[in-house]
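The next block holds one structure in the form of structure tokens; read it before the comments.
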Amino acid sequence: MTVRNLVSVIVPAYNASSFIEETLRSVLTQTHNSLELICINDGSTDSTLSLLRKMEAQDDRITVIDKVNSGVCDTRNLGIIKANGEFIIFLDADDVWESRMLETCVAVFNSQTNVNAIYTKGQLINENTEKLDRYIEAEQINGVEDILEWKKNHVATPSCTIMRTAVIEQSGIWDTNLSTAADQDFFLRIAQHFPIHAINEVLFYYRVHGNNMHQNIALMEKDHLYVFKKADKNGLFKSKSFRRQCFAGLYLILAGSWWKDGKNKFRGLKMLVKAVFVYPPIVFKLMKKLVG
């Protein structure tokens, strides 16, 4: 049975000792005090677990779970099992919140009962928590097309996305086959059933540092292709033309990622050719980017 207005904050942590204390403090200082903080140590080999235990002893809202390493998706799923809140959110162990993050979102849920999932605008910070002039925009996601077409902010980031716990009962838990594209798959399934409401106010900070998972381009390619093929199998593409357009958009993004990474520019060129072959009109999109 869920507790009304209680927010379950799930924090998976793997070798997160550099940032975990700052992350948890941003939760414990929330103006919305009705929360439980479920911190799951995913087999860390640094001091993450001892830091979590220390903070657990200082605040009874914290529950620490220690387990063998099984990946972020399996860890989040364990958090779902342990959660008691009416609302649930998955906070990465290196991101931080503004103090009004939960209060602002819960107020929307309580005033607009038709809203089931919310995400907010974010700003990037560096390893020293210095704000960068880069933002993660938030615009309402009205269906799977917005995500499959890579429109707007095509994927709501877990650290800024809160939902009614009942949403997960309908959309399903995290896919443990994924890592870098797990967010896209998870929110794609939510968008099948519910619009994702946007709050265009910076309420969370996404940390950019050398260990960020998304810098592994080969894994990014593998995971995103898995998500799109899964979506295709589930009939989420409304037409063959739309399917070609979406896959071409994905290939174009992968081409840019490989090229920017610099380690395998040939792979980037191959993805670019594939994008044009699958959906020739994408050339106009590419030209617009080049001249714009």
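Each residue of the stretch 185-197 was assigned a 3J(HN,Hα) from its phi angle through the Karplus expression (A = 6.51, B = -1.76, C = 1.60, θ = phi - 60°), giving 5, 5, 6, 5, 5, 5, 5, 5, 10, 9, x, 9, 6 Hz with x at Gly and Pro.
Rg and Dmax, both from the Cα atoms of the stretch 118-272 and both in Å, are 15.9, 47. According to the square roots a ≥ b ≥ c of the eigenvalues of the Cα gyration tensor, what is the shape class of the chain, taking rounded for a/c under 1.5, prolate for a/b larger than b/c otherwise, and oblate for the remainder? Since a/c reaches 1.5 and a/b is larger than b/c, the shape of the chain is classed as prolate. For the stretch 237-291, rounded, prolate or oblate, judged on the Cα gyration tensor with a ≥ b ≥ c (square roots of eigenvalues), a/c < 1.5 rounded, else prolate if a/b > b/c? It is prolate, given that a/c is not under 1.5 and a/b is the larger ratio. Within the chain, antiparallel bridges make up roughly 30 percent of the DSSP beta bridges whose residues both belong there. The stretch 145-185 and the stretch 30-93 have Cα centres lying 20 Å from one another.
Within the set Lys240/Lys285; Lys265/Lys285; Lys67/Lys260, which residue pairs have Cα atoms separated by over 30 Å? Beyond 30 Å: Lys67/Lys260.
What does the charge count around Phe87 come to, taking other residues whose C-beta lies under 14 Å from its C-beta (Lys +1, Arg +1, Asp -1, Glu -1)? Value of the local net charge: -2.
Across the stretch 111-116, coupling constants 3J(HN,Hα) worked out from phi with the 6.51/-1.76/1.60 Karplus curve, θ = phi - 60°, read 8, 10, 5, 7, 8, 10 Hz, and Gly and Pro carry x.
Taking the Cα centre of the stretch 237-291 as origin and assigning +1 to Lys and Arg Cβ atoms and -1 to Asp and Glu Cβ atoms, the resulting dipole is close to 100 debye. In order along the stretch 172-178, the phi-based Karplus estimate (6.51 cos²θ - 1.76 cosθ + 1.60, θ = phi - 60°) of 3J(HN,Hα) comes to x, 7, 6, 7, 6, 7, 10 Hz; Gly and Pro are listed as x.
Can you classify the stretch 59-104 as rounded, prolate or oblate using the Cα gyration tensor, where a ≥ b ≥ c are the square roots of its eigenvalues, rounded means a/c under 1.5, and otherwise it's prolate if a/b beats b/c and oblate if not? Note, shape of the stretch 59-104 comes out prolate.
Where both bridge residues fall in the stretch 21-147, DSSP classifies roughly 35% of the beta bridges as antiparallel. Dimensions of the stretch 14-157 based on its C-alpha atoms, expressed as ranges along the principal axes with the largest first, amount to 42, 31, 29 Å. A cut-off of 5 Å between modelled amide H atoms, ignoring neighbours fewer than 5 places along the same chain, links Ala83 with no other residue.
Each other residue within a Cβ distance under 12 Å of Gly210 adds +1 if Lys or Arg and -1 if Asp or Glu, for a net charge of -1. What's the angle, to the nearest 10 degrees (0 to 90), between helix 72-82's Cα axis and the longest principal axis of the chain? The answer is roughly 40 degrees. Projecting the Cα positions of Ile20, Ala218, Ile196 onto the charge dipole of the chain (unit charges on Cβ atoms of Lys, Arg, Asp and Glu, taken about the Cα centre) puts Ala218 furthest along the positive direction.
Electrostatic tally near Tyr14: other residues with Cβ closer than 10 Å to its Cβ, Lys and Arg +1, Asp and Glu -1, net -2.
Here, each number is a calculation from the coordinates, and none is a lab measurement. These figures come from a predicted structure and were not determined experimentally. FYI the Cβ positions are ideal-geometry reconstructions off the backbone, even for glycines, and counts take in every protein chain you see.
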